[in-house]
Amino acid sequence: MPYPRAWLWVSALLLLTVPAFWPNYLGKLGTAEWQIHVHGISAGLWVLLVVIQSFTIHHNRRSLHRAAGLASLVLAPLFLAGGTLVIATMALRPGPFTELFGARLALIDAVSMFGFAAFVFLALKHRRNVGLHASWMLATVFPLINPTFARLFPAFMPGLTIRSIEELPRFAGSVHLAQAIAIGIALFLYLRNRRHGTPMLVVAGILIFQTVLFETIGRSAWWSGVHAHIGATSSTLLVVVGIALGAVAVVSGWTSGSRSDAAAQGAA
């Protein structure tokens with residue numbers, strides 16, 4: 001089976017989110033907006049689900065693997081609902097960081113949301129193909145690599161540390177370095193598993209696309225205006241949009257996989 005140690009590396013990523021998000025979220029839970037809680041909890045649960053899925057299949061606990069897989073039908077829409085909320089929240093926080101990076105980061109997150117939905121769809125569609133299913137499920141974790149590492153680097157990386165408002169522009173370097181690391185991981189996994197490695201090439205392509213958007217459309221007044229409108233949108237509507245996108249992904253993925261199974265049995 002592919003990626004036998006994936007559960008260890010994904011667990012490590014989950015642990016890294018603690019120091020990464022401690023200063024601005026985990027250390028201030030009492031004052032954080034409820035939208036951020038939805039995003040943080042749903043993202044954490046999804047990463048934990050991927051850990052459990054990888055661990056159980058590689059330790060021959062198939063019944064638990066299937067049971068945990070059913071949880072994805074609920075967690076994927078919840079994850080996307082949290083994603084829509086956090087994109088809007090980025091537009092509402094006053095301050096120099098939001099002015100410099102709020103809209104640009106929101107654009108990266110918007111692309112990640114649609115990518116995540118597509119990955120979930122394809123993971124469910126190919127759930128009988130172990131290699132492709134594992135690759136697409138692992139792909140769903142990549143949207144969390146940049147937010148985690150880009151928030152760690154300003155604390156210790158020489159040349160990227162931020163100690164004052166004047167140094168805030170350095171954060172762009174952290175974003176680019178985090179993207180480069182994620183792209184490198186995706187390409188490494190492709191080279192390790194070329195037979196079922198197409199999902200990793202897709203991930204690398206999306207990451208490159210996000211990086212280009214971050215430096216182009218993300219800086220535009222047009223996108224800033226769109227982002228401001230998203231921020232002014234009702235939270236209820238944003239949740240509905242996220243859940244709807246997730247529901248389409250899981251239902252269409254599940255039914256597509258079922259049709260493929262039926263076609264294969266008919267051919268046999």
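The values are calculated or read from the model by the stated rules, or taken from the named source; none is laboratory data. Everything numeric here is computed off the predicted structure, so don't read it as measured data. FYI the Cβ positions are ideal-geometry reconstructions off the backbone, even for glycines, and counts take in every protein chain you see. Quick note on the areas: whole protein, heavy atoms, side chains included, nothing else; ligands and nucleic acids left out. Shrake-Rupley method; radii C 1.70, N 1.55, O 1.52, S 1.80 Å.
Odds and ends about this structure:
- Candidates are the residues of the stretch 20-39 that are aliphatic (A, V, I, L, M) and in a loop (DSSP other than H, G, I, E, B); the one that is most open to solvent (accessible area, probe 1.4 Å) is L29.
- Of all residues making up the stretch 123-139, the number that are of a type in the set (S, T, N, Q) and open to solvent by less than 20 Å² (accessible area, probe 1.4 Å): 1
- Criterion applied to L92, L85 was being buried (at least 19 other Cβ atoms within 10 Å of the Cβ) and under 30 Å from R219 (Cα atoms), and the one residue passing it is L85.
- Verdict on F188 being out of contact with any Gly (no Cβ under 7 Å at 6 or more places or on another chain), at pLDDT 95 or above, aromatic (F, W, Y) and open to solvent by 70 Å² or more (accessible area, probe 1.4 Å): yes
A quick yes/no check of all residues on (1) part of a helix (DSSP H, G or I); (2) in contact (Cβ under 8 Å) with a residue 40 or more places away in the chain; (3) buried (at least 16 other Cβ atoms within 10 Å of the Cβ); (4) touching a Lys or Arg at 6+ places or on another chain (Cβ under 8 Å):
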{"site": "V18", "(1), (2), (3), (4)": "yes, no, no, no"}
{"site": "I41", "(1), (2), (3), (4)": "yes, yes, no, no"}
{"site": "W46", "(1), (2), (3), (4)": "yes, yes, yes, no"}
{"site": "V51", "(1), (2), (3), (4)": "yes, yes, yes, no"}
{"site": "H65", "(1), (2), (3), (4)": "yes, no, yes, no"}
{"site": "G69", "(1), (2), (3), (4)": "yes, yes, yes, yes"}
{"site": "L75", "(1), (2), (3), (4)": "yes, no, yes, no"}
{"site": "L80", "(1), (2), (3), (4)": "yes, yes, yes, no"}
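- Single match in S11, S42, S63 (criterion: touching a helix residue (DSSP H, G or I) at 6+ places or on another chain (Cβ under 9 Å), under 21 Å from R192 (Cβ atoms) and among the hydroxyl-bearing types (S, T, Y)): S11
- Matching entry among A247, A180 (being among the aliphatic types (A, V, I, L, M), in a helix (DSSP H, G or I) and over 30 Å from E33 (Cα atoms)): A180
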